[in-house]
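Since every read-out is calculated from the coordinates, none of them should be taken as a lab result. Predicted model only: the values in this text are computed from it and were never measured. Note: ideal-geometry Cβ built from the backbone for every residue, glycine included; neighbour counts use all protein chains shown.
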Amino acid sequence: MPLFSGPRAVLVIWLAFFVAAAAILWLFSSILLPFVLGVAIAYLLDPLVDRCEQLGLGRSLATTLVLVVATLAAFAVTGLLLPVVIDQAHTFADKAPDRISRVLAWLDQIRQRVTERFGWELGGSAQDLVPLFTGEIGAWALKALQNLFRSGAAIINVGGLLLVTPLVAWYLLRDWDVLVARIDALLPRRNLDAARARFAEIDRVLASFVRGQSTTCAILAGAYALGLGLIGIPNGVLIGLFAGLISFVPYVGTILGLLLSVGLAALEFGAAWQTLAAGGVFAVGQLLDDYVLRPRLVGERLGLHPVGTIFALFAGGALLGFVGILVAVPAAAVIVVLLRSAVAWYRASAFYRES
């Protein structure tokens, strides 16, 4: 059999495309943020533009209308949430040393009880760790901010980011169907069905993540923030938004949000009903995620193990900074699709069947 024919040709083409895309991302990582955001917005909103076209609007008008409505909605949500988030972040930072001191005092009490009951002498005091903890937290926060803003002029120049991203999204949305048709025209005719099948599978996986999972995260973030805010958990809105937005990694958002909210509730209220209610918010949220949101909005699993998701986020951040974190999970999901094709080709090969 020739080297580049049949399924093998499709596999080679996909591998070459992946290598080229990875090289481009790495070379131009410092300026990619507005383009990555523009592509994500276009992909997210394309079904709405298609629906407007079906209602009789032209593609350009439909694109403009959908983008304007989406932009106004984004600004409205940001305007409502940003003051609350900033205020709670400021409060959290102000109270952090006192809360750490209280936790360490509680640890000291445990140390004393262990010494009294078992006669074990545990040297030192947990209170001695307060300056160390606060210093380390400040250094970590400073380093995180430096790493965030080190990823290029696209992040530093917020004005340029806000200008370029909508333009990229508008042009891509307007020409989306044309671009898809041109890519389809470049596919090898001999392997057209196989290539289209891979594209359809990749589109399903990306739609599951970009559209379904994004909607799921937004709903959970709102539900957690509202629930924790109503029961009066300190920094509840901030914790809820954080837990919901990282819930694309299964159970991680729930676990972190649960630990933070229950811990702060215990420090603030003791063994009161608010502590149990905080746990109840995340229990209900996890049930909602497992049995309502994920089956309806995400559908089938992405095929990516939770450990693979975490690794992809770390690897993307290490290679491309903030842009890498944005593209890590979708890129990993695409790689999973390609690996499935490679495994299927291997199992169909004479080498596998005759070994």
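Which loop GluC sites (Glu not before Pro) in the stretch 254-355, with loop taken from DSSP, have no more than 16 other Cβ atoms within 10 angstrom of their Cβ?
Passing both the DSSP loop test and the Cβ count: 300.
Which residues' amide hydrogens lie under 5 Å from the amide hydrogen of residue 32, considering only partners 5 or more residues apart or on another chain, with H built in the peptide plane?
none
Apply 1/(1 + (r/R0)^6) to the Cβ-Cβ distance of residue 55 and residue 272, taking R0 = 45 Å, and write down the FRET efficiency to the nearest 0.05.
Values: r = 53 Å, r/R0 = 1.18.
That gives a FRET efficiency of 0.25.
Assuming 0.36 nm per residue, please report the length gained on full extension of the stretch residue 185 to residue 307 beyond their Cα-Cα distance. Mind showing how you got there, number by number?
Numbers: separation 122, 0.36 × 122 = 43.92 nm, distance 3.74 nm.
40.2 nm is the gain from fully extending residue 185 to residue 307.
How far is it, in nm, from the label point at residue 19 to the one at residue 171 when both lie 7 Å from their Cα along the line to the Cβ?
2.9 nm
Can you bin the stretch 250-355 into rounded, prolate or oblate? Criterion: square roots of the alpha carbon gyration tensor eigenvalues sorted a ≥ b ≥ c, rounded for a/c under 1.5, prolate for a/b above b/c, oblate for the rest.
prolate
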